[in-house]
Amino acid sequence: MSSQIITLTTDFGLADPYVAEMKAVILRINPNVTIVDITHQIEKFNIKMGAFILASAAPFFPEGTIHIAVVDPGVGTERKPILIEAESAFFIGPDNGLLTLAAKKQGIKHVYEISNPKFMLPKISTTFHGRDVFAPAAAYLSMGVPPSEFGLELHEISTPTFAGIIESGETLVGEVIHIDDFGNIITNFTDKELNKFIANGKIHVKLGETELSLNVRKTYAEVEPLKPLAIIGSHDFLEISINRANAAKFFNVKVGDKVTLYRFLQGSSTYRHRLFP
């Protein structure tokens, strides 16, 4: 499985030459490859945001696509540069949890440390592995170099804590993993977890100190404007939203905040009665 498509997901922004340098390295090795920018606007050093964006976008690319992701506050340290071979794609980047969510979604087959100097630039900067390690590795992989040639196989990789959900009695505890530009609060619950906690088309959820009973809907427009709802979004995660308004600002929620689902209704908040009768 080789590819003529390489994607880039970084926190580099577009004001500096970093993205162009990565593309230049790739194109010098394989001038026929197609490079697709997923985004370079990941919040600086925000591994969680990068992991979510990559996991959301990757499944829609053709089989065999190579995904480079670089959100790497530990660049130059002992964290390993890795290549993950999944069932239908490849993922290249730092072993800091950034790749794990996307790779698990596509079924991890093998993981290799990128350590073979044949597939790196001759001079390796301690601060720019995106250009000197990840970009050439992706380019050589796109030329058909077998994944096993890049280095030793690894049997353990970093798994981000935000991928975990804790079930305790009648509660399910997760967290906010992303807030999109519409202000939708995206959690790490999937429909699999949600189905256990729906009663009469509703869920009872706690965001910070605010408790809400929310209708579970298939579209935002199924509730009136400025009313809240729960929905399984386009990337298969539970979203808490307000139709035509910014839920994150309204509920004062940020990425990383705890979200609790209750199996049974345990009362209601003054917010819900006052604002959402």
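The values are calculated or read from the model by the stated rules, or taken from the named source; none is laboratory data. Please read these numbers as outputs of a predicted model, since none were measured by experiment. Ideal geometry is used to build each Cβ from the backbone, glycine not excepted, and the neighbour counts take in all protein chains shown.
Before we move on, is Leu194 buried (at least 18 other Cβ atoms within 10 Å of the Cβ), closer than 18 Å to Gly164 by Cβ, within 22 Å of the chain's Cα centre (by Cα) and touching a residue at least 24 places away in the same chain (Cβ under 8 Å)? It is true that Leu194 is buried (at least 18 other Cβ atoms within 10 Å of the Cβ), closer than 18 Å to Gly164 by Cβ, within 22 Å of the chain's Cα centre (by Cα) and touching a residue at least 24 places away in the same chain (Cβ under 8 Å). Selection of the stretch 205-221 for residues being surrounded by fewer than 20 Cβ atoms within 10 Å (Cβ to Cβ) and out of contact with any helix residue (DSSP H, G or I) (no Cβ under 8 Å at 6 or more places or on another chain) yields Lys206, Glu209, Arg217, Lys218, Thr219, Tyr220, Ala221.
Would you confirm whether or not the stretch 140-153 contains a residue that is part of a loop (DSSP other than H, G, I, E, B), charged (D, E, K, R) and assigned by TED's automatic domain parsing to the domain that holds Phe12? No, there is no match, as no residue in the stretch 140-153 is part of a loop (DSSP other than H, G, I, E, B), charged (D, E, K, R) and assigned by TED's automatic domain parsing to the domain that holds Phe12.
Looking at Ile124, Ile114, Ile53, just one residue is free of Cβ contacts under 8 Å to residues at least 60 places away in the same chain and either charged (D, E, K, R) or touching a strand residue (DSSP E or B) at 6+ places or on another chain (Cβ under 9 Å) (or both), and that residue is Ile114.
Filtering the stretch 143-176 to residues that are closer than 15 Å to Ile84 by Cα, in contact with a helix residue (DSSP H, G or I) (Cβ under 8 Å, 6 or more places away or on another chain) and not acidic (Asp, Glu) leaves Val145, Pro147, Phe150, Ile157, Ser158, Thr159.
Scanning the stretch 168-189 for residues that are free of Cβ contacts under 8 Å to residues at least 12 places away in the same chain and either within 18 Å of Gly50 (Cα to Cα) or outside the structural domain of Phe251 (by TED's automatic domain parsing) (or both) returns Asp180, Asp181. Tally time: how many residues in the stretch 165-205 are under 20 Å from Ala245 (Cα atoms), of a type in the set (Asp, Glu) and in contact with a strand residue (DSSP E or B) (Cβ under 8 Å, 6 or more places away or on another chain)? Of the residues in that region, 1 qualify. Looking across Ala57, Ala69, one residue alone is over 18 Å from Asp132 (Cβ atoms) and either surrounded by 15 or more Cβ atoms within 10 Å (Cβ to Cβ) or not assigned by TED's automatic domain parsing to the domain that holds Ser234 (or both). It is Ala57. Any idea which residue in the stretch 223-259 is surrounded by the fewest Cβ atoms within 10 Å (Cβ to Cβ), counting only those that are closer than 20 Å to Leu194 by Cβ and acidic (Asp, Glu)? Ranking the candidates gives Asp236 first. Checking the conditions here, which among Ala15, Ala24 is part of a helix (DSSP H, G or I), of a type in the set (Gly, Ala, Ser) and surrounded by fewer than 17 Cβ atoms within 10 Å (Cβ to Cβ)? Criteria check complete, one pass: Ala24. Selection of the stretch 204-233 for residues being closer than 25 Å to Thr171 by Cα, within 25 Å of the chain's Cα centre (by Cα) and not in a loop (DSSP other than H, G, I, E, B) yields Val205, Lys206, Leu207, Val216, Arg217, Pro228, Leu229, Ala230, Ile231, Ile232. For the stretch 71-128, the set of residues classified as within 17 Å of Ile42 (Cβ to Cβ), touching a helix residue (DSSP H, G or I) at 6+ places or on another chain (Cβ under 8 Å) and outside any strand (DSSP E or B) consists of Val71, Asp72, Pro73, Val75, Asn96, Gly97, Leu98, Leu99, Thr100, Leu101, Ala102, Phe128, listed by residue number. Residue pairs whose Cβ atoms lie under 8 Å apart, sitting 6 or more positions apart in sequence or on different chains, and linking a residue in the stretch 147-160 that is at positive phi and at pLDDT 95 or above to a partner that is in a helix (DSSP H, G or I) and buried (at least 18 other Cβ atoms within 10 Å of the Cβ), do not occur here.
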